[in-house]
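Colleague: Let me begin by handing over the structure; questions about it come next.
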Amino acid sequence: VGQTEGQATASGLSAQTASQQEELFRLGQPSLKMALEDMIKDMGAPGSEPQSVKTAFEALGKSQNAAFDQSEKAAPLQAEQAYKQGGMRADPGAASSASDQIIAGLEDQRRATSRQRQVAETDASMQTRDFELSRILGLSEGAVSSAFGFSANAIRDASMDQRNPMGGALSGLATGAAIGTEVYPGVGTVVGGVIGGVGGYFAGGG
Amino acid sequence: MGGRDAEAERAAQINQGLSREQFQLGYQGAKAGLDYERGEYAGQTMDQTGKWEAKMTDVLEGAALTRGGGSDIRSQITGLEKADSAMALGRSGVEQEKMASGLDEINRIRSVLSGHGLQATNLASQSGALQSQAISEMAPNPTMSTILAAAAGGSAIYGAYQQKPGSGSGVAQERTATYAGQTGPAGSDSATLNLGRL
């Protein structure tokens, strides 16, 4: 009521940007929250191996062991086949001895691989911890800064809200009394003043 | 004005709500990160035993391989010497690496704690600045200001009425009586007053 076209446009824009603000916040904030919570959970207690690294290296260990197991199982058959195909005469048990040698070599390799994996796992744990810690702290501080941005907006908005119930009441009283006087001086002044005052109080935010 | 004020109030409430929610998330994250790092500083550093044991075993096995073979005692002694040297060098290397890694770790923890601790205190300072800004936006007491303004307006009207000559006010009549029979210097208040009466 009583709005100019410009005021109506400004009011519409205000509602639109408020809605966009909420929508964008609801789009971004859950992603931030999810990533932060995941990283905090993954990092675990101070000094512990990040869960993601532990899981990855457990899977790697199983896969490497399976590969060595397969080679070790195949070694006796391969050695026997090699002797048969070679066409040379050999002592009894030569194929078995060759197989044992292959298996011993494979075991050395398996242990060396396991040690390499152990070193890589420790390094990966520390790198992951450094990365996660850096992201957790950086993002959290960014989130607090962003919260302050919202607070600054709220303060600016609040400073634009100039409502004052008593001011509104006084203004309404004066207007009401003037109208009441025109209608019926005396009683009209008082009645108009009271009605105007009450209306002004509520219009002024009371 | 009511529409604008209501809009401003609504916007302030939305921003305040988002601020609270976002702050909570950021605060929890920063607390988790700094608590973790303080735990490490207190001694709960990452266990690297497996890594150093693996490296040491590599050294021992590598040293054993350098021993080589030989049937005569001279070759065997030479092989032992090589193996012992390789083992000693390898172990020293691993120990040195372990020591350097420990120092790096402590420096890293100190750097994270101090850097992000400072960042947190800077944010606290920013929060304080916002608080000051918020206080500055508060009128001392809007209702009381209005009452005082109304009272001031009323007393001004009353004062004007009192000053009005012939208004029936005792003060104004007394003053008029005082100046009525007097002629002050030209341009003086009483002279002007008397001129007005002529």
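Colleague: It is to be established whether one or more residues within the stretch A:44-52 are under 18 Å from the mean Cα position of the chain (by Cα), more than 10 Å from chain B (Cβ to nearest Cβ) and either open to solvent by less than 60 Å² (accessible area, probe 1.4 Å) or farther than 23 Å from residue A:140 by Cα (or both).
Modeller: yes
Colleague: Yes or no: the stretch B:55-63 includes at least one residue that is without any contact (Cβ under 8 Å) to a residue 24 or more places away in the chain and closer than 30 Å to residue A:117 by Cα.
Modeller: Looking for residues that are without any contact (Cβ under 8 Å) to a residue 24 or more places away in the chain and closer than 30 Å to residue A:117 by Cα, one finds at least one in the stretch B:55-63, hence yes.
Colleague: Moving on to the next point. Just for the stretch B:11-34: of the residues that are open to solvent by less than 60 Å² (accessible area, probe 1.4 Å) and of a type outside the set (A, V, I, L, M, F, W, C), which one is farthest from the other protein chains (Cβ to nearest Cβ)?
Modeller: B:17
Colleague: On the given criteria, is residue B:61 touching a Leu at 6+ places or on another chain (Cβ under 7 Å), more than 28 Å from residue A:25 (Cβ to Cβ) and of a type in the set (Asp, Glu)?
Modeller: The answer is no for residue B:61.
Colleague: Restricting attention to the stretch A:9-18, does a residue exist that is more than 10 Å from every other protein chain (Cβ to nearest Cβ), closer than 22 Å to residue B:24 by Cβ and not in a loop (DSSP other than H, G, I, E, B)?
Modeller: So far as the stretch A:9-18 goes, no, none of its residues is more than 10 Å from every other protein chain (Cβ to nearest Cβ), closer than 22 Å to residue B:24 by Cβ and not in a loop (DSSP other than H, G, I, E, B).
Colleague: Answer yes or no: is there a residue in the stretch B:35-45 that is at pLDDT below 90, in contact with a Gly (Cβ under 9 Å, 6 or more places away or on another chain), open to solvent by less than 60 Å² (accessible area, probe 1.4 Å) and farther than 30 Å from residue A:16 by Cβ.
Modeller: Within the stretch B:35-45, one or more residues are at pLDDT below 90, in contact with a Gly (Cβ under 9 Å, 6 or more places away or on another chain), open to solvent by less than 60 Å² (accessible area, probe 1.4 Å) and farther than 30 Å from residue A:16 by Cβ.
Colleague: Does residue B:61 satisfy being at the interface with another protein chain (Cβ under 7 Å from one of its Cβ atoms), surrounded by fewer than 19 Cβ atoms within 10 Å (Cβ to Cβ), modelled with pLDDT under 90 and more than 24 Å from the chain's Cα centre (by Cα)?
Modeller: When the stated conditions are applied, residue B:61 does not pass them.
The values are calculated or read from the model by the stated rules, or taken from the named source; none is laboratory data. Quantities reported herein were computed from a predicted structural model and do not represent experimental measurements. Here the Cβ is made from the backbone with ideal geometry for all residues, glycine too, and neighbour counts use every protein chain on show. With ligands, DNA and RNA removed, areas are computed over all heavy atoms of the protein, side chains included. Shrake-Rupley method; radii C 1.70, N 1.55, O 1.52, S 1.80 Å.
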